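Read the structure below first, then the notes.
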Amino acid sequence: MPDYEFIFVVDGITLDDHAAVNALTDELDAVLSCSHGVHRMTVSGSGPDAVTAAGSVVARARALVPGMRILRLDPDLVGVSDIAERTGRSRQNVTQWIHGQRRDGVPFPAPEGTVGRSLVWLWSDVNAWLRGIGLDDGEDRPTRDEATEINWLLRHGVPPVHVNVDVDFDVLPGREDTQRIAALLVEHARMTPRFIEYLLRHPQVRDARGRSTVVVCSPEHLAADVFARLRAYGRPVVVATITTGVFAQVISASRRPGSTPVELPPGATVRDWIGLIALYPDREFSVGSDDLGAIGESDPLEFASR
């Protein structure tokens, strides 16, 4: 069976707990570290898959140190300099990989996000890509879906229930990337617990047949087009898109009497609108002079996506 490496964020233990640290080291060959007040345990485990291996490791660690809380997997985010250091290559080499100049037909993984002004990637994604050119570190790690399931187990103590949520995806036309976004959202509605939970928590977005309505748009769609689609429904729906990650929010078309909406310029895009939602989370938004308005009926849901 394959061996998997895990980096867990832990609590209830410090580097000064010598008995606990020694027990983890002796029995699990685990390494405990601390950076900026966050304790991490790096440990390997074997199993037919990463989820099973993680469950075995977690059970043994909890038995050894009952007071230690294993909170979640550390995503192990890396930037260009980190990738260069781990592979022994130059930053220029890494930049060439990112721009597709060194492995034809196999694009470099999409970044997970940004830290400051720099892009960062999941090391597990990068390492899997590097395996194709013989530069990986030889370690197997959980896939993105396996990591989601492991974190669910750590949080809830039981395997995730894959609920079949009936969703009506209303895909706005006019942008080339919208079908790709819709395909990813369909997958998240089947496999991603956070998205499934979000849909289940908001029954007000269901139609007469009990299907959750999700309006799928591109970040570059005009906000006015989305507002017009919302007005056609006459009830709350989930508006969803993917920028650096998934953004979803229960939103209804509204121009409330006496309200002072945040006015969007006529050419404002969905990306512009999302940026303003972060600044004005409880405000109504409007665009143009056609009484097109929208207001959030819930907190937004945001999480990483491929």
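The values are calculated or read from the model by the stated rules, or taken from the named source; none is laboratory data. Just so it is clear, the model here is predicted, and its values are computed rather than measured. So basically every Cβ, Gly included, is an ideal-geometry build from the backbone, and we count neighbours across all protein chains shown.
Values as computed for the structure displayed
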| read-out | value |
| --- | --- |
| Members of segment 141-150 found to be assigned to a helix (DSSP H, G or I) and more than 12 Å from the chain's Cα centre (by Cα), listed by number | Glu146, Glu149, Ile150 |
| Helices (runs of 4 or more DSSP H) wholly inside segment 176-287 containing at least 1 residues that are at pLDDT below 90 and either in contact with a Pro (Cβ under 9 Å, 6 or more places away or on another chain) or under 17 Å from Pro300 (Cα atoms) (or both) | 178-191, 193-201, 270-279 |
| Check on Phe195, in contact (Cβ under 8 Å) with a residue 60 or more places away in the chain, closer than 12 Å to Val167 by Cα and buried (at least 23 other Cβ atoms within 10 Å of the Cβ) | yes |
| Contacts under 7 angstrom Cβ, first residue in segment 226-249 being under 24 Å from Ser305 (Cα atoms), partner among the basic types (Lys, Arg) and surrounded by fewer than 24 Cβ atoms within 10 Å (Cβ to Cβ), 6 or more apart | Thr243/Arg271 |
| Set Ser259, Ser212: member being surrounded by 15 or more Cβ atoms within 10 Å (Cβ to Cβ) and in contact with a strand residue (DSSP E or B) (Cβ under 7 Å, 6 or more places away or on another chain) | Ser212 |
| Criterion (among the acidic types (Asp, Glu) and modelled with pLDDT under 90) met by exactly one of Asp82, Asp49 | Asp49 |
| Residues of segment 4-32 that turn out to be closer than 24 Å to Thr52 by Cα, hydroxyl-bearing (Ser, Thr, Tyr) and loosely packed, with under 15 Cβ neighbours inside 10 Å, as a count | 1 |
| Count of segment 52-96 residues which are without any contact (Cβ under 8 Å) to a residue 12 or more places away in the chain, of a type in the set (A, V, I, L, M, F, W, C) and surrounded by 15 or more Cβ atoms within 10 Å (Cβ to Cβ) | 1 |
| Val21, sole failed condition from (1) of a type in the set (A, V, I, L, M); (2) under 29 Å from Arg131 (Cα atoms); (3) not assigned by TED's automatic domain parsing to the domain that holds Ile133 | (2) |
| Selected residue (only one of Thr243, Thr269 is touching a Lys or Arg at 6+ places or on another chain (Cβ under 8 Å) and either β-branched (Val, Ile, Thr) or closer than 29 Å to Pro111 by Cβ (or both)) | Thr243 |
